[in-house]
Amino acid sequence: MRIKFRCGLPALVMSVFLSVFSGCTDMVREDLDRTHAKLQKLQELADSVNRELNTLDLILKELDDGHTILPESLQMTENGYEVSFRDGKKIFIPIGRDGVDGRTLIPVGVQAEDGLYYWKVDGEWLLDAEGNRIRAGATDGFIPLFEARADSLWWISLDNGVTFEPFASCEELAGFGVFKDVQQTASGIVITLWEGNTLELLAMTPFRMSFDGPVRDTLLIAAGETLPVPYKLILEGETDKPVIVTSGTDGIYQSSLKAVNDTSGVVRVQAPAEYEDGYILLSASCGGYTAVKMITFRQREITPAESSVTVRLGSGIESKDVPYQTNFDFVVSLSEDAWLEVIPNAETNALTFTPLPNNGTVRECVVTVFPKDNPDFVCTTFRVIQASGSYSVTLEEGSPFNFDPGQSPDPGILSVPAEGGEAILWVTFRSSLSASLPKTADWLQAEMTEVDGFYRLKVQVDPLTEGTGREEFISIQAGVVPVGKIKVIQAGATAGN
């Protein structure tokens, strides 16, 4: 440490001796009293400057943290000023008058370099043992400590009072303190130090921030679901510091968010593949202020639990209720909405499927259910199949077959070419169906199968190479009860039709 003596005054020498003569006793006692009183006064001044240096260090810490003072918070007191910072701290700044209530002869202050403050004493940088400038107002710095001793010297400690070194003469008592003046300005206050430098404390409107809504929210989520969670910050007051929003999790749920100056946005939360309750934390910070919001998760409940459900409708306008219950609001979308209406029924906890009449072929519609708060997540898919109101013919190969459904119990007529071929006929009934042929109809084959609750008749006709034509009936039964016939007419090879 560099040491500089400010005064060149001769050291006060204390000479104490015990006189064996009774006439000198009073004189010695008076000298001792004067010396003790002076030393006590010097130590009081040292204690005063030490307190002021602690105050200066507190102010510098507030500046280093970016804190500002509250508007109109400067209050004059008997011996100085009191100022209130927006983080709640109140700091008293003592002001001394030169030569009247002197504090110390040592001009101690600070100076900013590259945005950091360093201690200066008597106009010179205060250096550590390695020759580095000593930080002021920093957690890794320290505050100089002064002490007055009977040798009429100020002693200084740079290790919080563990060791001291002589610094300068303290012969005279009149002097000045650390803080010289405080002035109110339009933007805050300016503190002038006796050492010569100034500190500016800016005043800003009180600043507060919070997340919109309750501090703790509960949302519903399903296993494996990625849920977009919107957030919004409410800011009161003004700040020139950036607002930073981040997210953290409990390790069960996954999220990633770091937004700067985005006071509203969305954080995407990923639930585990096997559902567990959990939470995430949203945290916002700005200039020393923080706001925190916890979001906990519970499981979405869906009945039925199947992810895919098939619904079969008749060919008319009969509605069908399918049980469906959730503990959240949902939205329904349809791939084909021209013939089908799907309405949630809260009273019966069901979905009501209402079609238009179908006089054409069998038709399908995919109905998707997703949460109202997450349109990207599919809860359940309903495959809705509606029967036709008449027979329909689908050719797999060969020439077209002409088919006239007719009216039951009259037979429908299937006209087939001489070349024969294969056709698929969709026939719709509410009960199980079967098809039968006479044993003599070896040129015609018919097979009835069930597909998605409807019945498909597959007809195979052998080629007719000679003759004028032939015909046969395919009988359709529901169990053992006949429900209709299909007349198959095959034109002769020479008939031309």
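The values are calculated or read from the model by the stated rules, or taken from the named source; none is laboratory data. None of the values given here were measured: they were computed from a predicted structure. Positions of Cβ are backbone-derived with ideal geometry, glycine not excepted, and every protein chain shown enters the neighbour counts.
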Answer residue from segment 264-291, given it is more than 11 Å from the chain's Cα centre (by Cα) and closer than 23 Å to residue 66 by Cβ and is surrounded by the most Cβ atoms within 10 Å (Cβ to Cβ) among those
286
Picked from segment 151-168 (must be of a type in the set (Gly, Ala, Ser) and not in a loop (DSSP other than H, G, I, E, B)), the residue surrounded by the fewest Cβ atoms within 10 Å (Cβ to Cβ) is 157
Segments classed as strands (runs of 3 or more DSSP E), wholly inside segment 176-234, with at least 3 members that are without any contact (Cβ under 8 Å) to a residue 12 or more places away in the chain and surrounded by fewer than 21 Cβ atoms within 10 Å (Cβ to Cβ)
none
Do you know which residues across segment 227-241 are at pLDDT 90 or above, out of contact with any Asp or Glu (no Cβ under 7 Å at 6 or more places or on another chain) and not hydrophobic (A, V, I, L, M, F, W, C)?
228, 230, 231
Name every residue in segment 131-150 that is surrounded by 16 or more Cβ atoms within 10 Å (Cβ to Cβ) and touching a helix residue (DSSP H, G or I) at 6+ places or on another chain (Cβ under 7 Å), in order of residue number.
136, 137, 143, 144, 145, 146, 147, 148
Would you please list the contacts, defined by Cβ atoms under 9 Å and residues six or more apart or on different chains, that run from a residue in segment 321-342 that is over 18 Å from residue 373 (Cβ atoms) and in contact (Cβ under 8 Å) with a residue 60 or more places away in the chain to a residue that is outside any strand (DSSP E or B) and of a type outside the set (Ser, Thr, Tyr)?
322/304
How many residues, within segment 131-141, are assigned to a loop (DSSP other than H, G, I, E, B) and modelled with pLDDT of 80 or more?
5
Pairs, please: C-beta under 7 Å, at least 6 apart or cross-chain, first residue at positive phi and in segment 44-71, second surrounded by fewer than 17 Cβ atoms within 10 Å (Cβ to Cβ)?
66/241; 66/288
When you look at residue 307, is it in contact with a Cys (Cβ under 6 Å, 6 or more places away or on another chain), touching a residue at least 24 places away in the same chain (Cβ under 8 Å), of a type in the set (S, T, N, Q) and on the phi < 0 side of the Ramachandran plot, yes or no?
no
Given 319, 308, 335, 315, which one is of a type outside the set (Lys, Arg), in the same structural domain as residue 376 (by TED's automatic domain parsing) and in contact with a Gly (Cβ under 6 Å, 6 or more places away or on another chain)?
315
Restricting attention to segment 115-130, and to residues there that are in a loop (DSSP other than H, G, I, E, B) and surrounded by fewer than 16 Cβ atoms within 10 Å (Cβ to Cβ), which single residue is modelled with the lowest pLDDT?
115
I'm trying to understand the selection: among the residues of segment 444-456, which are modelled with pLDDT of 80 or more and crowded, with 16+ Cβ neighbours inside 10 Å?
444, 446, 448
Going by the conditions given, is residue 74 at pLDDT below 80, surrounded by 14 or more Cβ atoms within 10 Å (Cβ to Cβ) and out of contact with any Leu (no Cβ under 7 Å at 6 or more places or on another chain)?
no
Considering segment 253-263, residues that are part of a strand (DSSP E or B) and not hydrophobic (A, V, I, L, M, F, W, C), and then whichever is surrounded by the most Cβ atoms within 10 Å (Cβ to Cβ), we arrive at 255
